[in-house]
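For reference, the structure discussed in these notes is given below.
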Amino acid sequence: MAKTSSNGNGKTVAVPAALKPKIISAKILKGPSVEVEFTIGEGQEETGSHSYKHEPHKHLTDAFRSLKVHLALFLQLATDKVHCNIGGTKDLKIPNFKEQEMEDQFRVYGFRIVSKKSGNYVVLGGGRELINGQVFNFVTPPIHLTPEQDSDGAYKYVDDLNDKLEMAVVEVIAYMNGKKGVEQSAMDFSQGETE
């Protein structure tokens, strides 16, 4: 079953049922809905976008949630002085949000992968809930996704960011291919006649 999406120029791009697109950006919106921009095709790639109107599945929301520590760190809104181990790596530690009581303050709404001559970058979009209950939204500057060994300005958690971004992309593709959140259904427990 093929879906169709607009490519932004009024042209319709066919989206195969079991598609393996290259994700450019993804956003979880209110409603619930998810917006995805992607390229498909071999050789001459077509760019398309699609807004999905079904509930994002738990693995997708968890993948976005896992990116929030990088949003907070890169924007220097959290300290990396309180640590916890990640991914079995002994040397690399990232902030433990639970100890800083910051875990529920941050949200990642979306990401955009940008390709430049110098490599691939990601821009994270999200927000932080303030003490007064209002949300302050922001986007990161582009974060270089290639670890630079000799660069003082390199983001030191780039390997973990790459792993979590890759998982988010996998879950976006699964969502595009029909993986949905749990849907509520009614069950009839009325007493029927038994013999």
Okay, strands (runs of 3 or more DSSP E) sitting entirely in segment 90-146 with 1 or more residues that are in contact with a Ser or Thr (Cβ under 7 Å, 6 or more places away or on another chain), farther than 20 Å from residue 61 by Cβ and modelled with pLDDT under 90, I get 119-129
Given (1) loosely packed, with under 13 Cβ neighbours inside 10 Å; (2) at pLDDT 60 or above; (3) not in a loop (DSSP other than H, G, I, E, B), residue 35 misses just (1)
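Which one is surrounded by the fewest Cβ atoms within 10 Å (Cβ to Cβ), of the residues in segment 158-182 that are among the acidic types (Asp, Glu) and within 19 Å of residue 38 (Cβ to Cβ)? Walk me through it before giving the result.
Initially, segment 158-182 is screened for residues among the acidic types (Asp, Glu), giving 159-160, 163, 166, 171.
Next cut, within 19 Å of residue 38 (Cβ to Cβ) only: 166, 171.
Working: 166: 12, 171: 21.
Taking the candidates together, the pick is 166.
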Taking segment 157-169 and keeping residues part of a helix (DSSP H, G or I) and either touching a residue at least 40 places away in the same chain (Cβ under 8 Å) or of a type in the set (Gly, Ala, Ser) (or both) leaves 159, 160, 161, 163, 164, 165, 167, 168, 169
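Being among the charged types (D, E, K, R) and surrounded by 11 or more Cβ atoms within 10 Å (Cβ to Cβ) is the filter here; which residues of segment 111-140 pass it? Give the derivation first.
So the first thing to find is which residues in segment 111-140 are among the charged types (D, E, K, R), and the list is 112, 116-117, 128-129.
The answer is 112, 128, 129.
The values are calculated or read from the model by the stated rules, or taken from the named source; none is laboratory data. All values reported here derive from a predicted model rather than from experimental measurement. Backbone-built Cβ (ideal geometry, glycine too); neighbour counts: all protein chains shown.
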